[in-house]
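Before any comments, here is the structure.
The values are calculated or read from the model by the stated rules, or taken from the named source; none is laboratory data. Computed from a predicted structure; not experimentally measured. We place every Cβ from the backbone using ideal geometry, glycine too, and count neighbours over all the protein chains shown.
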Amino acid sequence: MPTPRSLACISVMALLTSGALPPGSATANARPGFRVNVLPQRFVIAHRGSGSFMAPENTQAALDRGVSDPNADLLEFDIQVLKDGVGGVWHDPTVDRISTSSGPVTALDSTAFKKLVIDAPAWFGGKGAASHPLLLDELLDQYAGRKLLLAHPKDTQAMQLAIDTLTRRGLQDVVQIQTFSRSDAVLAKNAGFVVQVLVGSANQATIDTPQAIQADGIQRVSIWQGLPDATIRSYVAAGLTVAAYDVNRHYRRDQLYALGVHGLDTDDPTYIRGDSARYRRTSDPFGYQTWWYGHLGQVQTPSRLAAEHPDRGSFIAPNWWTVPRGSYPLFVRQGWAQLNKTQELRVWMQATALGADTTRWAGLYFSAQRDNAYADASADPLNAGYSLILRQNGQLQLYRKDPTRTVLLKTINTPALRTGTLAKIQIKITSTGIYIRRYDITSTGATIRDTHYRGTYLYLGRSAYTGHQGPGIAFRVSTR
C-alpha cells in the first residue's frame with residue numbers, strides 16, 4: 001500500500017451497535033454471498049487490514065480486527081515477492097520501519113521473512129503486540145471468504161504472483177486487485193479479476209485519464225483525496241466507479257460524497273463511517289491504554305507511527321493519555337467526544353515536563369465545526385471553534401478561532417505550573433455563553449457571552465515552535 005495510500009471500491013453494509021465498545025471487541029461479521037463485482041452506493045475499505053491507525057498494519061491482528069469490524073467492508077493488504085518467489089504481506093520496500101531488522105524485504109526468502117519480528121510496541125504503541133508477518137498463502141487460508149479482500153501487488157512481479165495464486169484458488173469473486181500501474185491493471189483484468197487503477201498525483205492524472213482507463217476496459221479508480229476537486233469530479237463525470245483513499249476526516253468525507261465519490265479507503269473505518277454508537281463516550285477511553293476510534297494527530301500518517309514521530313501521543317497507566325514536551329505543535333482529535341450544543345467538560349491536565357518559555361501552553365480546541373487538521377494557526381479557513389489554553393505561567397485564556405483571525409475572549413491569572421502540577425479545568429457551554437474555571441485552586445471562574453460555534457469536535461494538545469518547546473502534558477477528560 002502506498003503513501004499517500006490507495007483505495008478500492010467495495011461493498012458496504014452499515015451495522016450499528018447499541019453502545020461504545022473498546023476497539024477490537026466487535027463480534028465477527030461474515031458476509032456470505034458478497035462479490036467484488038457488485039458494489040452498493042457507499043462503501044468503506046480498511047487500509048492495511050483493519051485501518052492502519054487501529055492495529056499494526058498487514059498483521060494477523062489487523063486482519064482479525066478487520067474481519068470483526070462491521071464498518072469495514074473490504075480489507076486491503078499489500079503483496080511483495082520474496083527472494084524464493086513466495087508472496088509476503090508487506091507494504092514497504094524495506095523491513096526497517098516496523099521490524100527489528102533492516103534491509104530490502106525482497107532480499108529475504110520466506111523462511112527469513114517469517115522470522116521477522118514486527119515490533120509493534122515500539123512503533124505502533126497502545127497495546128500493539130510483537131508478531132511475525134504473514135505469507136500470502138497464510139492470509140488467503142485464514143481470511144478469503146470471510147470478508148471481501150483487496151490485494152495491492154507492489155510491482156509487476158507481485159501482480160503476476162497474485163493473479164496466479166488467486167486464480168489457482170478460484171478467488172476472483174471475493175478478491176479485488178488494485179495497482180498504480182495501468183499495464184498491470186490490464187493483466188489482472190484480462191485474467192478475469194475486478195481491478196481498479198490508483199491515481200495518486202496530479203501528474204499521473206494527466207496520463208491515466210478517465211478516457212485512457214476506460215479505453216483499457218477498466219471501470220474503477222481510486223484517487224488520492226488530496227487531488228483537486230475538479231480532477232476527482234472528472235473521473236466521476238466519466239461514469240467510472242470512483243473511490244478515494246487517505247480519507248480520515250469527516251469534513252473531507254462529506255466533500256467527497258458531494259463530488260460523487262462512493263468509496264472511502266481509511267485508517268479508521270468506524271470513525272469515517274460515522275458509527276457514533278460505537279465510538280461516542282461521555283468520558284475519555286484512556287483507561288483502555290490503546291487507540292480509540294477517531295484519535296488522530298494533525299500530521300499523523302501510517303508511516304509516522306513511530307517513537308520519533310509521536311503524532312498521536314502515548315499512554316501512561318492506568319488511565320492517562322499524554323503528549324510529550326516538544327518543539328512542534330501537537331493537537332490530537334478526540335473521536336470519542338461528540339459534544340452537544342450545551343455541554344460541561346472537566347479536563348485534568350498534569351504537567352509532566354516543562355519548557356523554558358513560560359508562555360507556551362497546553363489545552364483544548366472545542367465545539368469545533370469541522371474535524372480538520374487543527375494546528376492552532378492564527379488564521380485557517382477551516383478554523384471554527386474555541387481554544388482554551390493554560391500557559392506555563394498560569395494564564396488561563398479563552399480564544400475564539402475564526403477562519404480569518406483569532407480573538408482573545410478572556411484571561412484569568414492563576415498560579416504558574418510546576419512539573420507534577422495537576423490543573424483541573426471546568427468548561428460549561430450554554431446557549432448564551434461559555435463558563436471557564438480552574439477548579440484545583442480557589443480562583444473564581446468567568447462567563448463569556450459568545451455563541452459563534454457549537455460544533456461537535458474536541459482536540460487536546462499543546463503549542464510549540466522551533467526553539468520554544470511546548471510542555472509535556474497528561475490528560476483526562478469527562479463530559480456531562
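Considering the range 52-159, the qualifying helices (runs of 4 or more DSSP H), each wholly inside and each with 2 or more residues that are within 28 Å of residue 189 (Cα to Cα), run over 60-68, 136-143.
Listed by position, the strands (runs of 3 or more DSSP E) enclosed by the range 396-442 that each have at least 3 residues that are of a type in the set (Val, Ile, Thr) are 406-413, 422-429.
Filtering the range 311-321 to residues that are buried (at least 19 other Cβ atoms within 10 Å of the Cβ) and either closer than 17 Å to residue 470 by Cβ or among the hydroxyl-bearing types (Ser, Thr, Tyr) (or both) leaves 312, 313, 321.
Put simply, of 148, 134 the only residue that is buried (at least 23 other Cβ atoms within 10 Å of the Cβ), modelled with pLDDT of 95 or more and either within 29 Å of residue 311 (Cα to Cα) or of a type in the set (Lys, Arg) (or both) is 134.
Within the bounds of the range 368-379, is there any residue that is assigned to a strand (DSSP E or B) and surrounded by fewer than 17 Cβ atoms within 10 Å (Cβ to Cβ)? Within the range 368-379, not a single residue is assigned to a strand (DSSP E or B) and surrounded by fewer than 17 Cβ atoms within 10 Å (Cβ to Cβ).
Here is a yes/no grid of residues against (1) within 25 Å of residue 83 (Cα to Cα); (2) touching a strand residue (DSSP E or B) at 6+ places or on another chain (Cβ under 9 Å); (3) in a loop (DSSP other than H, G, I, E, B):
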| site | (1), (2), (3) |
| --- | --- |
| 163 | yes, yes, no |
| 166 | yes, yes, no |
| 172 | no, no, yes |
| 178 | yes, yes, no |
| 186 | no, yes, no |
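Among the residues of the range 330-353, some residue qualifies, meaning at least one is surrounded by fewer than 19 Cβ atoms within 10 Å (Cβ to Cβ) and among the small types (Gly, Ala, Ser). The combined condition, being closer than 18 Å to residue 350 by Cβ, buried (at least 16 other Cβ atoms within 10 Å of the Cβ) and aliphatic (A, V, I, L, M), is fulfilled by residue 425.
Looking for whichever is among the small types (Gly, Ala, Ser), out of contact with any Phe, Trp or Tyr (no Cβ under 7 Å at 6 or more places or on another chain) and free of Cβ contacts under 8 Å to residues at least 24 places away in the same chain here; the options are 363, 394. Which one fits? 394 is the lone residue from the list that is among the small types (Gly, Ala, Ser), out of contact with any Phe, Trp or Tyr (no Cβ under 7 Å at 6 or more places or on another chain) and free of Cβ contacts under 8 Å to residues at least 24 places away in the same chain.
If the condition is being small (Gly, Ala, Ser) and closer than 18 Å to residue 74 by Cβ, then the range 139-177 contributes 144, 145, 151, 162.
Scanning the range 315-369 for residues that are modelled with pLDDT under 95 and of a type in the set (Ser, Thr, Tyr), we see that the one that is farthest from the chain's Cα centre (by Cα) is 327.
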